[in-house]
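All remarks here apply to the structure that follows.
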Amino acid sequence: MKILVMGSGAVGSYFGSVLHKAGHDVLFIARGEHLEAINKNGLVVESTTAGNFTIYPKITETLDVEYKADLILYCVKGYQNDRALDLISTAVSSSTYILTLQNGIGSGDLLAEKFGQKKVLLGVTYIDAMRPKPGYALETSNNKCNIIFGQIHASGNDDAKVEKIKDALDVDGIEVELTSDVLKYIWQKFIYICGWSGMMSVTRSPMSAIMAVPAARQMTINAMNEALEIARAKDISIDNDFMNETIEYFSHVGDDAVSSMLLDILNGNPIEIDVINEAAVVMGDSEGISTPVNSFISNILRVYHSKVIREQNGK
């Protein structure tokens with residue numbers, strides 16, 4: 001399958017690499033030092049799930065107008081959407097599907113608005129991955145790298161095509177699931193990261209340290225409960241044991257488990273606050289639901305995010 005990886009950070013680099021290794025025709029979009037390093041030395045993957053290997057993929061910063069993809073893996077950060085949507089536009093043909101793995105809420109709507117709902121597949125992934133330096137992808141999920149995806153408005157005409165995408169993604173290093181209730185998984189991941197990413201980022205601490213402090217533990221739970229209440233107001237089905245299982249996981253996770261938003265802060269990058277905690281605040285307001293913890297997290301992190309954006313814009 002002809003696969004375009006839009007966003008060659010840790011997640012895009014890992015999934016693109018194992019798909020390339022499995023024999024798919026993968027093209028990565030990257031820029032800067034990461035692009036230069038891969039062109040020079042290949043993309044080095046160190047993975048507890050897929051093993052250690054190096055690939056020498058096709059990679060570019062811009063797309064030839066003649067290039068068309070069968071599948072676009074949309075792996076960019078929320079603050080990169082405007083540029084990414086314009087960049088991939090020429091690669092979308094009448095038969096292209098776009099699978100978004102972006103954290104938070106909203107990327108599916110943006111893609112549907114630009115390319116049409118039928119082309120968009122919503123997905124979530126639970127993966128521990130980072131890009132320790134240009135040209136490298138480090139994955140430490142211990143055989144838990146998964147993609148759960150589906151369509152919002154599935155039709156019988158699309159079933160065979162979407163099944164073909166599932167089969168293409170079902171390679172060594174990826175545990176793939178096609179679901180008829182993708183919104184449940186999107187919202188469960190959203191609830192999860194409101195606590196996980198929000199609290200780690202605002203405290204600059206691992207979840208193990210946060211859960212060891214009773215007041216911080218309760219704030220984490222409250223951040224997730226606010227998002228859960230919004231999901232229920234929108235008639236989203238959430239698994240009955242989801243919250244208990246998530247709190248249990250947070251309570252026993254190791255010190256090395258770090259959210260991607262915290263990693264962005266530590267590396268001086270912008271953060272996805274608009275599609276995570278701020279998104280909870282906005283949706284809470286529209287549903288008449290109070291979101292004090294997510295509002296607190298968003299307001300604190302907004303200071304950092306705005307400062308970085310100003311610096312990047314030279315202001």
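List of remarks:
- Sorted peptide list for 21-34, 203-216, criterion being average Cβ within 10 angstrom, highest first: 21-34, 203-216
- Dipole magnitude for the chain: about 740 debye, using +1 per Lys or Arg Cβ and -1 per Asp or Glu Cβ, origin at the Cα centre.
- Put simply, the Cα atoms of the stretch 82-126 extend 29, 21, 16 Å along their principal axes, the longest span coming first.
- Taking 0.36 nm per residue of separation and subtracting the current Cα-Cα distance, fully stretching the chain between Glu36 and Arg204 would add 57.4 nm.
- Counting neighbouring beta carbons within 10 Å and listing from fewest to most, the residues Glu36, Glu226, Glu311 come out as Glu311, Glu36, Glu226.
- Gyration tensor verdict on the stretch 184-312 (Cα atoms; rounded if a/c is under 1.5, prolate if a/b is larger than b/c, oblate otherwise): oblate
- The chain: angle of helix 159-169 to the longest principal axis, Cα-based, in degrees nearest 10: 90 degrees
- Counted charge near Glu36, where neighbours are those whose Cβ lies closer than 13 Å (Asp, Glu -1; Lys, Arg +1): +1
- Net charge of neighbours whose Cβ lies under 13 Å from the Cβ of Val26, counting Lys and Arg as +1 and Asp and Glu as -1: +1
- Mean ellipticity per residue at 222 nm, deg cm²/dmol - from DSSP H runs of n ≥ 4 across the chain, formula -39500 (n - 2.57): -14500 deg cm²/dmol
- Gyration tensor (alpha-carbon) shape descriptor, the stretch 139-226, a/c threshold 1.5: oblate
- Cut-off 15 Å (backbone N to label point 7 Å along Cα→Cβ of Asp239), residues of the stretch 122-148: 124-127, 144-148
- For the stretch 113-149 and the stretch 42-110, distance of Cα centres in Å: 10 Å
- For the stretch 71-220, alpha-carbon Rg and Dmax in angstrom: 17.0, 53
- For the stretch 1-134, the square roots a ≥ b ≥ c of the C-alpha gyration tensor eigenvalues yield an a/c of 1.5 or more together with a/b exceeding b/c, which makes the shape prolate.
- 13 Å beta-carbon shell around Ala112, net charge (K/R +1, D/E -1): +1
- Of Lys40/Lys164; Lys68/Lys307; Lys68/Lys133; Lys21/Lys68; Lys77/Lys166, those spanning more than 28 Å from alpha-carbon to alpha-carbon: Lys40/Lys164; Lys68/Lys307; Lys68/Lys133
- The mean sequence separation of alpha-carbon pairs under 8 Å and at least six residues apart, normalised by the residue count of the chain, gives a relative contact order of 16 percent.
- Within the listed set Lys68, Lys40, Lys119, the residue fluctuating most in the Gaussian network model of the chain (springs between alpha-carbon atoms under 10 angstrom) is Lys40.
Laboratory data are not the source of any read-out in this text; all were calculated from the coordinates shown. Quantities reported herein were computed from a predicted structural model and do not represent experimental measurements. Every residue, glycine among them, receives a Cβ derived from its backbone with ideal geometry; neighbour counts consider all protein chains shown.
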